[in-house]
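Notes to accompany the following structure.
The values are calculated or read from the model by the stated rules, or taken from the named source; none is laboratory data. In this text the structure is predicted, and so the values were computed from the model without any measurement. Heads up, the Cβs are rebuilt from the backbone with ideal geometry, glycines too, and the neighbour counts pull from every protein chain shown. Heavy atoms of the whole protein, side chains included, go into the accessibility calculation; ligands, DNA and RNA do not. Shrake-Rupley method; radii C 1.70, N 1.55, O 1.52, S 1.80 Å.
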Amino acid sequence: MDTIKQLQWRYATKKFDKTKKLSNKKLDVLKEAFNLTATSFGLQTIKLIVIEDEATRIPLVKHAFNQKQVLEASHLFVICIQNDITEEDVNMYYDNIKFIRDTSDKILDPYRLDLINMMKNMSVEERQQWSKNQAYIALGNLMTVCAIEGIDSCPMEGFLPDAFDDVLKLDNMKLKSVLLLPVGYRAEDDMFSEFEKVRKSIDDAIIEL
């Protein structure tokens, strides 16, 4: 697989082929990629909602400024953050480390306490912003994996999160939507697929010291 060739192939898909669906195998790759995304401290305060059902997506289109990708893509990914980060979240994380790596409490407890105190010293808004930063990492990771797997995608900030939260009843899950990623396969008549990529030259984009 030529990674650079695949990154040149990808673009923000404007029109998906509604008849082409991702296989379960491809979906599983993307789910695993999301779960393997690097997050600060490895705390994973983000969630991925995968929506295939068309009836669920129809009312979302108007809340995404009528961007048809929300409905026409094979699946709609909604990247969410937790409403808040609690001491319980930190404890669950370190308990998981202990279980998987068999690391002793003597080693883990100082790190556990430091992270608990770090979160306590933030406001709710700061903790939410901290989680949003992780969501963008996940978005970039998913887009790259999509390209490598030959899957089209379209990253979206242009939607009304509060309206999405209401439709999807995310408050019941203590989540807030922050980013969208429709995924699937491009339509043959999407003219944007033929456009040349516009990027700075490597010399303008990269500084070597």
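At a probe radius of 1.4 Å, what is the per-residue accessible area of residue 173, in Å² to the nearest 10?
For residue 173, solvent-accessible area is about 100 Å².
Run through region 135-209 and list the GluC sites (Glu not before Pro) located in a DSSP loop whose Cβ has at most 11 other Cβ atoms within 10 Å.
Sites meeting the loop and neighbour criteria: 157, 188, 196, 208.
For region 103-144 and region 19-49, what is the centre-to-centre distance using only Cα atoms, to the nearest Å?
The distance from the Cα centre of region 103-144 to that of region 19-49 comes to 18 Å.
Would you mind checking region 142-176 for residues with the amide N under 17 Å from a putative spin-label position 7 Å along Cα→C-beta of residue 62?
159-169
For residue 14, give me every one of the aspartates and glutamates with a C-alpha distance below 13 angstrom, ignoring sequence neighbours fewer than eight places off in its own chain.
Partners within reach: 72, 152, 188, 189, 190, 194.
Could you work out how much longer the chain between residue 111 and residue 20 gets when fully extended? Use 0.36 nm per residue separation minus the Cα distance between them, nm to one decimal.
Between residue 111 and residue 20, full extension yields an extra 28.1 nm.
Of 19, 37, which has the most accessible area with a 1.4 Å probe, and how do the rest follow in descending order?
Output order, biggest surface exposure first: 19, 37.
By its C-alpha gyration tensor, with a ≥ b ≥ c as the square roots of the eigenvalues, how is region 2-77 shaped: rounded for a/c under 1.5, else prolate for a/b larger than b/c, else oblate?
It comes out oblate by the Cα gyration axes.
Using the charge dipole of the chain (Lys, Arg: +1 at Cβ; Asp, Glu: -1 at Cβ; taken about the Cα centre), state which of 123, 142, 192 has its Cα farthest towards the positive end.
192
For region 1-100, give the magnitude of the charge dipole about the Cα centre (Cβ charges: +1 Lys/Arg, -1 Asp/Glu; no others), in debye to the nearest 20.
800 debye
If you rank 53, 152, 203, 105 by how much accessible surface each has, with a 1.4 Å probe, what is the order from largest down?
My answer, sorted largest first, is 203, 53, 105, 152.
Could you work out how much longer the chain between residue 200 and residue 28 gets when fully extended? Use 0.36 nm per residue separation minus the Cα distance between them, nm to one decimal.
Length difference between fully extended and current span is 58.5 nm.
Roughly how many debye, to the nearest 20, is the charge dipole of region 71-190 about its Cα centre, given +1 on each Lys and Arg Cβ, -1 on each Asp and Glu Cβ, and no other charges?
I would put it at about 460 debye.
Semi-axes of region 53-104's equivalent ellipsoid from the Cα gyration tensor, sqrt of 5 times each eigenvalue, largest first, rounded to whole Å?
Here the semi-axes work out to 39, 14, 8 Å.
Quick one: of 26/174; 15/169; 20/68; 25/169; 20/169, which pairs are farther than 26 Å apart, Cα to Cα?
26/174; 15/169; 25/169; 20/169
According to the square roots a ≥ b ≥ c of the eigenvalues of the Cα gyration tensor, what is the shape class of the chain, taking rounded for a/c under 1.5, prolate for a/b larger than b/c otherwise, and oblate for the remainder?
Cα axes put the chain in the prolate bin.
For the chain, modelled as a GNM with alpha-carbon contacts under 10 angstrom, which of 175, 115, 76 fluctuates the most?
Residue with maximal mean-square fluctuation among 175, 115, 76: 115.
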